[in-house]
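Below: one structure, written as structure tokens.
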Amino acid sequence: MLYLAGGICVVCGFIFKLLPPHKINYIYGHRTKFSMKNQDTWDEAQRYSSNSLITFGLIYMVLEFLLDQFLSDFNTGYKVIIFLVGVIFMLIIDEGHLRKVFNSDGTRKV
């Protein structure tokens with residue numbers, strides 16, 4: 001079970017990178033109101049979020065390893081909290097990227 005959450009993130013990131021959802025849908029991919037505005041925002045969200053998911057997974061695995069090495073009493077509850085905060089942070093960064101690239105109506109900024 002060690003490093004399972006980070007490993008799942010890395011594997012899912014590579015799956016999203018290799019097999020991105022091509023059409024806007026409510027089941028598979030980076031789904032937010034802004035990413036689903038149009039096909040262009042959708043495609044960019046899928047491209048960017050797959051990379052950030054891989055990066056997040058790797059960072060989380062390294063962080064979990066370091067915490068296990070240096071804090072022997074570090075329990076699973078704290079790891080879950082760190083993971084959830086990391087996921088929220090990743091989503092904020094992904095949405096920030098979309099807002100940097102696109103106007104609020106979904107057209108690309110020049």
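The values are calculated or read from the model by the stated rules, or taken from the named source; none is laboratory data. Remember, it's a predicted structure, so these values are computed and weren't measured experimentally. FYI the Cβ positions are ideal-geometry reconstructions off the backbone, even for glycines, and counts take in every protein chain you see.
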Of the numbered conditions (1) assigned to a loop (DSSP other than H, G, I, E, B); (2) in contact (Cβ under 8 Å) with a residue 60 or more places away in the chain; (3) of a type in the set (S, T, N, Q), THR41 fails exactly one; give the number of that condition. (1)
Regarding ILE15, is this residue closer than 18 Å to ASP105 by Cα and either among the aromatic types (Phe, Trp, Tyr) or at pLDDT 95 or above (or both)? no
Would it be correct to say that ILE81 is over 18 Å from SER104 (Cα atoms), of a type in the set (A, V, I, L, M, F, W, C) and out of contact with any helix residue (DSSP H, G or I) (no Cβ under 9 Å at 6 or more places or on another chain)? yes
Complete set of residues in the stretch 68-97 that are assigned to a helix (DSSP H, G or I), of a type outside the set (Phe, Trp, Tyr) and either farther than 23 Å from ILE54 by Cβ or more than 13 Å from the chain's Cα centre (by Cα) (or both): ASP68, GLN69, THR76, GLY77, LYS79, VAL80, ILE81, ILE82
When you go through ILE92, ILE59, ILE54 one by one, which is the residue that is exposed (fewer than 12 other Cβ atoms within 10 Å of the Cβ) and of a type outside the set (Phe, Trp, Tyr)? ILE92
Counting only residues that are crowded, with 16+ Cβ neighbours inside 10 Å and not in a helix (DSSP H, G or I), how many does the stretch 98-110 have? 2
Does VAL62 satisfy being more than 26 Å from ASP105 (Cβ to Cβ), part of a helix (DSSP H, G or I), β-branched (Val, Ile, Thr) and more than 11 Å from the chain's Cα centre (by Cα)? yes
From the residues in the stretch 4-38 that are part of a loop (DSSP other than H, G, I, E, B) and touching a residue at least 60 places away in the same chain (Cβ under 8 Å), which one is nearest to the chain's Cα centre (by Cα)? HIS30
Looking at the stretch 28-38, can you tell me whether even one residue there is farther than 20 Å from PHE102 by Cβ, small (Gly, Ala, Ser) and surrounded by 14 or more Cβ atoms within 10 Å (Cβ to Cβ)? no
